[in-house]
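Shown next, in structure tokens, is the structure this report addresses.
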Amino acid sequence: MSGLILGIETSCDDTSVALVDRSGHVAAIKTVSQYEVHEAFGGVYPELASRAHLEAILPTIQSVMDEASATQKDLTAIGVTRGPGLIGSLLVGLSTAEALSLGWGVPAYGVNHLRGHIRSVELEDGQTEFPAVIMLVSGGHTLIADLKDPWSYRLLGTTRDDSVGESYDKVARMLGLGMPGGPAIDRAAKLGRPVLRLPRPMKNEGYEFSFSGLKSSVARHIENHPEVSLEDMSASFVAACLDVLVAKADRALAECKPRSLVIVGGVSASPQLRDAMAQVAGRHGVNLCLPPVKWATDNAAMIAMATWDYIERGVQPALFPKPNLSLETP
Ligand code: KG4
Ligand code: ZN
């Protein structure tokens, strides 16, 4: 086996390593979750995250190389997340990649995590037709952008406060559903009906998003309407989120007239979101590109996949952490 990228992702609380070929076939992947490390804190505790990455990173790389029976001779390059993310967590992946690159004589590329999500739709035979409108809906980000090709991004809008994933997680906590909140809310919402009329913040205004008001409104309803079941509360919350996301996608498809609509990030695992976006894409006659559900959330396969773009463009960002890296910067 040769022509593989070794992808390394340590931007937040998952240590993930993968081997991916040019066609997007994932030869091996392992993701070590830090869920139990952070559970008691109700969020990611940065210092503990970097320590847990340090413990996990080398055994995870070893296990992935063994699983694919790969050696350094099989590697075209190493691709590692350089941002955005937690600085201590990023540093673990970056310094490991740099050491392996020097020791093995394999080039290493610092990769933008957001571009990794966007290229997750290429894994397992996906093919985005350009131009494309992309919507990234994750725990850290909510944004919409226009892409001429896999390299030329134009940001249309982002969130002024919380991300969609963050509001799913916070509402799940308010309702006493466990973490991660997204899948728990989805499951509850499927059993309920959207009986509450919740706000749709910024639905009709351009491409900016705002989710903190929606979250506060759910908190008030939980307090004032204890008779509403958690299933109906979840269904009402999901309906409000989807209404906003669909309205923005609809506007971008009408204005940008792309060939594809690309929906990525952890929240793109939501079956309700997938169905709603399939309808919008269908109305506009564009292809809907979604990542395989198992690779919607943070993983190293998407980072490895995005590395091929960097190689083909001849762009090799330094192995230096950029906690606030923007979508437009490689
Ligand atoms: O992309 P991701 O793994 O991490 C970031 O880059 O932020 O996204 C994590 C987010 C969490 O907020 C989680 O609740 C949400 O994705 N999520 C979901 C689902 N699975 C994960 N949200 C809705 N439905 C899901 N099935
Ligand atoms: Zn992510």
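The values are calculated or read from the model by the stated rules, or taken from the named source; none is laboratory data. Model, not experiment: these values are computed from the prediction. Cβ: placed from backbone, ideal geometry, glycine included. Neighbour counts: every protein chain shown. All accessible areas refer to the heavy atoms of the entire protein, side chains included, with ligands and DNA or RNA removed. Shrake-Rupley method; radii C 1.70, N 1.55, O 1.52, S 1.80 Å.
Sort out which residues of region 12-70 are outside any loop (DSSP other than H, G, I, E, B) and free of Cβ contacts under 8 Å to residues at least 24 places away in the same chain, and write them in order of number.
From region 12-70, those outside any loop (DSSP other than H, G, I, E, B) are 14-21, 26-33, 35-41, 46-67; that's our starting set.
Result: Asp21, Ser33, Glu36, Ala40, Phe41, Leu48, Arg51, Glu55, Pro59, Gln62, Asp66.
Would you check if there is a residue in region 97-104 being closer than 18 Å to Lys248 by Cβ and open to solvent by 10 Å² or more (accessible area, probe 1.4 Å)? Give the derivation first.
Quick first cut of region 97-104, residues closer than 18 Å to Lys248 by Cβ only: none.
No, region 97-104 contains no residue that is closer than 18 Å to Lys248 by Cβ and open to solvent by 10 Å² or more (accessible area, probe 1.4 Å).
Which ones in region 260-292 are within 15 Å of ligand 2 (Cβ to nearest atom) and in a helix (DSSP H, G or I)?
Gly266, Val267, Ser268, Ala269 - these are the residues of region 260-292 that are within 15 Å of ligand 2 (Cβ to nearest atom) and in a helix (DSSP H, G or I).
Tell me which residues, restricted to region 116-138, are of a type in the set (D, E, K, R) and either open to solvent by less than 10 Å² (accessible area, probe 1.4 Å) or on the phi > 0 side of the Ramachandran plot (or both). Spell out how you get there, then give the answer.
Our first condition is that a residue be of a type in the set (D, E, K, R); within region 116-138, this holds for 119, 122, 124-125, 129.
Scanning region 116-138 gives Glu124, Asp125.
Search region 132-166 for residues being among the small types (Gly, Ala, Ser) and more than 15 Å from the chain's Cα centre (by Cα), and hand back the single one that is modelled with the lowest pLDDT. First the steps, then the outcome.
Here is the first cut: in region 132-166, the ones among the small types (Gly, Ala, Ser) are 132, 138-140, 145, 152, 157, 163, 165.
Now drop any that are not more than 15 Å from the chain's Cα centre (by Cα), which leaves 132, 152, 157.
Working: Ala132: 98, Ser152: 90, Gly157: 97.
Ranking the candidates gives Ser152 first.
Give the residues of region 155-186 that are more than 8 Å from ligand 1 (Cβ to nearest atom) and not aliphatic (A, V, I, L, M), sorted by residue number.
Gly157, Thr158, Thr159, Arg160, Asp161, Asp162, Ser167, Lys170, Arg173, Gly176, Gly178
Output the residue which, of all residues in region 43-78 that are small (Gly, Ala, Ser) and closer than 16 Å to Ile5 by Cβ, is surrounded by the most Cβ atoms within 10 Å (Cβ to Cβ). Before the answer, list the steps.
In the first step, residues of region 43-78 are kept if they are small (Gly, Ala, Ser); the result is 43, 49-50, 52, 56, 63, 68-70, 77.
Checking the rest, the ones that are also closer than 16 Å to Ile5 by Cβ come to 68, 70, 77.
On the way: Ala68: 18, Ala70: 18, Ala77: 22.
Across region 43-78, the extreme among qualifying residues is Ala77.
Being open to solvent by less than 20 Å² (accessible area, probe 1.4 Å) and in a helix (DSSP H, G or I) is the filter here; which residues of region 309-330 pass it?
Asp309, Tyr310
What residue, among those in region 123-138 that are farther than 13 Å from Ser326 by Cα and either out of contact with any strand residue (DSSP E or B) (no Cβ under 9 Å at 6 or more places or on another chain) or assigned to a strand (DSSP E or B) (or both), is farthest from ligand 1 (Cβ to nearest atom)? Working first, answer last.
Our first condition is that a residue be farther than 13 Å from Ser326 by Cα; within region 123-138, this holds for 123-135, 137-138.
Adding the requirement that they be either out of contact with any strand residue (DSSP E or B) (no Cβ under 9 Å at 6 or more places or on another chain) or assigned to a strand (DSSP E or B) (or both) leaves 125, 132-135, 137.
Details: Asp125: 21, Ala132: 19, Val133: 19, Ile134: 14, Met135: 13, Val137: 8 Å.
Out of the qualifying residues, it is Asp125.
List the helices (runs of 4 or more DSSP H) that sit entirely inside region 139-254 and contain at least 1 residues that are crowded, with 17+ Cβ neighbours inside 10 Å and of a type in the set (Lys, Arg).
Details: elements: 164-174, 181-190, 212-224.
Fully inside region 139-254 and qualifying: 164-174, 212-224.
How many of the residues making up region 18-41 are open to solvent by less than 40 Å² (accessible area, probe 1.4 Å) and within 16 Å of ligand 1 (Cβ to nearest atom)?
Summing the residues that are open to solvent by less than 40 Å² (accessible area, probe 1.4 Å) and within 16 Å of ligand 1 (Cβ to nearest atom) in region 18-41 gives 3.
Going by the structure shown, is Leu91 of a type outside the set (Gly, Ala, Ser), assigned to a helix (DSSP H, G or I) and either open to solvent by less than 10 Å² (accessible area, probe 1.4 Å) or touching a residue at least 24 places away in the same chain (Cβ under 8 Å) (or both)? Give the derivation first.
Details: of a type outside the set (Gly, Ala, Ser): yes; assigned to a helix (DSSP H, G or I): yes; either open to solvent by less than 10 Å² (accessible area, probe 1.4 Å) or touching a residue at least 24 places away in the same chain (Cβ under 8 Å) (or both): yes.
Yes; evaluated as a whole, the condition is true for this residue.
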